[in-house]
1. Based on what the data block shows, is Leu134 more than 20 Å from the chain's Cα centre (by Cα), in contact (Cβ under 8 Å) with a residue 24 or more places away in the chain and surrounded by 13 or more Cβ atoms within 10 Å (Cβ to Cβ)?
2. Which one of the conditions (1) in a strand (DSSP E or B); (2) open to solvent by 60 Å² or more (accessible area, probe 1.4 Å) does Thr80 fail to meet, given that it meets all the rest?
3. Would you mention how many residues in segment 64-116 are among the hydroxyl-bearing types (Ser, Thr, Tyr) and closer than 16 Å to Phe37 by Cβ?
4. Looking at Phe138 and the list (1) in contact with a helix residue (DSSP H, G or I) (Cβ under 7 Å, 6 or more places away or on another chain); (2) part of a loop (DSSP other than H, G, I, E, B), which single condition is not satisfied?
5. Checking Arg118 against (1) open to solvent by less than 70 Å² (accessible area, probe 1.4 Å); (2) of a type outside the set (S, T, N, Q); (3) within 27 Å of Leu62 (Cβ to Cβ), only one condition comes out false. Which one?
6. Exactly one of these conditions fails for Asn142: (1) open to solvent by less than 60 Å² (accessible area, probe 1.4 Å); (2) on the phi > 0 side of the Ramachandran plot. Give me its number.
7. Taking only pairs six or more apart or across chains, which ones have beta-carbon atoms under 7 Å, a first residue in segment 142-167 that is assigned to a helix (DSSP H, G or I), and a second residue that is open to solvent by 70 Å² or more (accessible area, probe 1.4 Å)?
8. Considering segment 32-62 alone, what residues qualify as being open to solvent by less than 20 Å² (accessible area, probe 1.4 Å), modelled with pLDDT under 85 and small (Gly, Ala, Ser)?
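The values are calculated or read from the model by the stated rules, or taken from the named source; none is laboratory data. Since the model is a prediction, treat every value here as computed from it, not as a measurement. Heads up, the Cβs are rebuilt from the backbone with ideal geometry, glycines too, and the neighbour counts pull from every protein chain shown. The protein model used for the area step is the full one, side chains on, heavy atoms only, and it has no ligands, DNA or RNA in it. Shrake-Rupley method; radii C 1.70, N 1.55, O 1.52, S 1.80 Å.
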Amino acid sequence: MILFLHGPDTYRARQKLKAIREQYQATYLHAVNVQDFDCGETELQEAKTALSTISMFEQKKLLVFKNVFGNKTFEEFLFTQRVQLDRSDEVVIVVFEAGPVKEKGAHPLYEWLKKNARQQEFLPLSPSKLRSWLVREFASYNLKVTPAAQEALARAVGNDLWRLSNEVK
């Protein structure tokens, strides 16, 4: 299974990645098979080893590949392995791209992921969705926010959910 998380709203994308990781750890209590690869810093051989290693505990591996589209070698490797990885019952792959992908048409892996992976694009929130997000964020701290406060925060900070989250805290 391949999951593709991407888009300019890095706050919600990272929250989704965190939720996937927590769900995996709840399902597989020991969660020893979770690995992150920052494709800008990791050697390709490390990823190949992680993919080919068989677990003695017979549980799925969760492999997170970050910044794939900044490393042509990783991108080409994942593109050649895409069908095998998608059909695998032993591994869950998350391709996490923080921010927008530049030159989308120049990346065959991107196009394949958009069509075939379970993907979620995190676009900036509309004003009404931003207000709803603020209500939920305040509620997570057992607080209520007035419409005037919502409007003031949204106007002062805009669509920067990282900053809004800090302001709510």
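1. So Leu134 passes the test.
2. The number of the failed condition is (1).
3. Residues flagged as among the hydroxyl-bearing types (Ser, Thr, Tyr) and closer than 16 Å to Phe37 by Cβ within segment 64-116 amount to 1.
4. (2)
5. Result: Arg118 fails condition (1) only.
6. (1)
7. Pairs found: Gln150/Arg131; Leu153/Glu167; Ala154/Pro127; Ala154/Arg131; Val157/Arg163; Val157/Glu167.
8. So the first thing to find is which residues in segment 32-62 are open to solvent by less than 20 Å² (accessible area, probe 1.4 Å), and the list is 37, 39, 47, 50, 61-62.
Imposing the further condition that a residue be modelled with pLDDT under 85 reduces the set to 50, 61.
Across segment 32-62, the qualifying residue is only Ala50.
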